[in-house]
């Protein structure tokens with residue numbers, strides 16, 4: 001396993017020069033991070049304790065079309081963000097807008113796939129990070145090519161703006177659209193400006209198969225998400241998919257020699273890495289849940305981790321690609 005430097009050595013003289021300023025700032029931020037970590041644990045435990053079973057309809061089918069991913073089929077574009085289209089016999093919804101209107105990736109792929117907002121029932125945002133909201137930390141941006149929101153419902157896990165949409169703040173597990181439910185927001189403390197992050201995962205029941213669970217980045221961790229799911233339904237788990245944030249050896253997103261995903265969004269302070277041991281614990285959790293299929297997002301997970309998932313998961317494992325459609 002070859003690990004790359006999270007920060008290029010070219011930055012080291014600058015960091016050394018700034019260390020008298022950076023050191024106290026990091027100590028202050030670490031206190032906030034630790035408090036948020038304790039708060040997230042308490043909040044999640046309370047939400048899971050209070051959760052009541054969701055009346056999930058039995059879906060005749062569920063289909064995932066990947067609008068944006070880090071990897072892409074020929075003729076499609078990729079970037080380190082996600083946007084998924086879910087279709088069921090009860091309707092359809094878009095889950096996240098990747099990096100959105102600031103680039104042409106979502107617009108290009110959506111046009112090529114014939115996807116527009118007037119053809120879906122609702123939009124769901126997993127969490128308010130710019131690689132999921134269309135490039136806006138405070139709200140939702142939609143490329144013009146997807147058409148007008150026209151008052152469609154946009155389900156948000158935290159406060160934010162979504163111009164043109166009818167915004168609904170999801171505060172607990174609930175049904176959304178197309179026969180698909182939400183786990184409700186689950187929290188994770190993230191070091192730095194991202195702070196306390198609220199993320200909702202999708203949950204659906206497929207007739208004759210069981211539950212399908214999809215995340216944006218999986219920041220709350222799969223352990224916490226599955227604990228919530230067990231409070232919402234006693235059905236067996238058929239499929240788990242989405243992002244799980246394992247940039248073990250490298251980052252899909254980098255800037256000026258800084259491996260962004262290896263430093264931010266890990267649930268650890270920046271001086272600690274995501275490790276292979278962390279990866280193995282998550283894989284053990286997957287195997288205990290025993291899904292038949294796993295659909296892995298590469299947008300926040302390195303190729304080394306993806307291959308490790310494929311080798312050690314006791315499930316049919318699929319690496320999601322923009323432009324591809326998967327029948328669950």
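Bear in mind that the values in this text are calculations on the coordinates, not laboratory data. Quick caveat, the model's predicted, so the values are computed rather than measured. All Cβ positions, glycine included, derive from the backbone under ideal geometry; neighbour counts span all protein chains shown.
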Volume of the Cα convex hull of the chain, divided per residue and given in Å³ | 127
Of the listed peptides 9-20, 200-211, what is their order by residue-averaged count of other C-beta atoms within 10 Å, with the highest listed first?
-> 200-211, 9-20
Please report, in whole Å, how far the alpha carbons of segment 266-328 spread along each principal axis, starting with the longest.
-> 40, 28, 17
Value in Å of the Kirkwood radius, where segment 1-113 supplies the Cα pairs that are averaged | 19.3
Cα-derived Rg to Rh of segment 236-307, Kirkwood definition = 1.01
Which of the peptides 24-35, 155-166 is most tightly packed, and how do the rest follow, judged by the mean count of other Cβ atoms within 10 Å per residue?
-> 155-166, 24-35
per DSSP, antiparallel bridges as share of beta bridges in the chain, % nearest 5, sits at 55
Taking 7 Å along the Cα-to-C-beta vector as the label spot, tell me the residue 280-residue 52 distance in nanometres, rounded to one decimal.
-> 4.3
Report the paramagnetic label zone for residue 272: residues of segment 18-36 whose backbone N is under 14 Å from a point 7 Å from Cα along the Cα-to-Cβ axis.
-> 30-36
Measuring from centroid to centroid over Cα atoms, what is the spacing of segment 49-75 and segment 29-44 in Å?
-> 29
Between 0 and 90°, nearest 10: helix 222-232 axis offset from the chain longest Cα axis = 30
Taking Cα atoms only, helix 12-50 is inclined relative to the longest principal axis of the chain by an angle, in degrees rounded to 10, of 30
Distance in Å, no decimals, from the C-alpha centre of segment 241-303 to the one of segment 120-140 is 21
Kirkwood estimate for segment 193-252, i.e. one over the average of 1/r between Cα atoms, Å = 12.7
If R0 = 30 Å, then residue 290 and residue 169, at their Cβ-Cβ distance, give a FRET efficiency to the nearest 0.05 of 0.35
Translational diffusion coefficient, Stokes-Einstein: compute it for segment 106-261 using the Kirkwood radius over C-alpha pairs as Rh, at 25 °C and 0.890 mPa s, and state it as an integer in µm² s⁻¹.
-> 147
State the three equivalent ellipsoid semi-axes of segment 177-328, derived from the C-alpha gyration tensor as the square roots of 5 times its eigenvalues, in descending order and whole Å.
-> 25, 17, 14
Using the alpha-carbon atoms, what tilt in degrees (0 to 90, nearest 10) does helix 276-289 show relative to the longest principal axis of the chain?
-> 20
In a Gaussian network model of the chain with springs linking alpha carbons closer than 10 Å, the residue among 133, 65, 285 that fluctuates most is 285
Classified through the alpha carbon gyration tensor (a ≥ b ≥ c as square roots of its eigenvalues; rounded if a/c is under 1.5, else prolate when a/b is larger than b/c, else oblate), segment 1-51 comes out oblate
If N is the residue count of segment 113-155, its Cα Rg over 2.2 N^0.38 Å rounds to 1.14
